[in-house]
Amino acid sequence: WDNADFSRGVGTTFYQEFPTLNTAKPPFVRDVEAKVRRYLRSSYSAAWTLKITWEKAPAYAARTDTRRTITYQAVLTTDGFRSYVLMLYQEGGMRWDYTRLAATNVLIGYT
């Protein structure tokens, strides 16, 4: 991740928590469980999930260009023993001009 800049009133960040230890699981949590199972080829049942969304976030410093934005999500989930993060990017959603960022060795994701 790089620095997003919401100081110009463009873009927003929001989150939604899904505590599911003793409750029925909404479709979003069932989808997260299915992704974890598919990617890791293991059983998984979420006890808690948090979805954080950065929508139309401009790169720092926003004063340079607020039209080039990015929309992405981080989904944190745990069964109480194992924890996972899913990084989700909107198709065609990375519109930051990487040549204007402080670091030019840009990657999407993490290592």
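Values in this text are rule-based calculations from the coordinates and carry no lab data. On a predicted model such as this, the values are computed, not experimentally measured, just so you know. Here Cβ is always computed from backbone atoms with ideal geometry, including for glycine, and neighbour counts include all displayed protein chains.
Normalised by the number of residues in the range 12-100, what is the relative contact order in percent for Cα pairs under 8 Å and 6+ residues apart?
Details: 142 pairs, mean separation 22.9, N = 89.
Relative CO of the range 12-100 lands at 26 percent.
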Low-density loop trypsin sites (Lys or Arg not before Pro), the range 2-78, at most 12 other Cβ within 10 Å, DSSP non-H/G/I/E/B, are R8, R41, R63, R67
Taking N as the number of residues in the range 12-100, the ratio of its alpha carbon radius of gyration to 2.2 N^0.38 Å works out to 1.31
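Taking R0 as 35 Å, what's the FRET efficiency between R37 and T99 from their Cβ-Cβ distance, rounded to 0.05? Mind dumping the intermediate values first?
Working: r = 39 Å, r/R0 = 1.13.
FRET efficiency, R37 to T99: 0.35.
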Once S7 and E55 are pulled to full extension, the length gained, defined as 0.36 nm per residue separation minus their Cα-Cα distance, is 15.9 nm
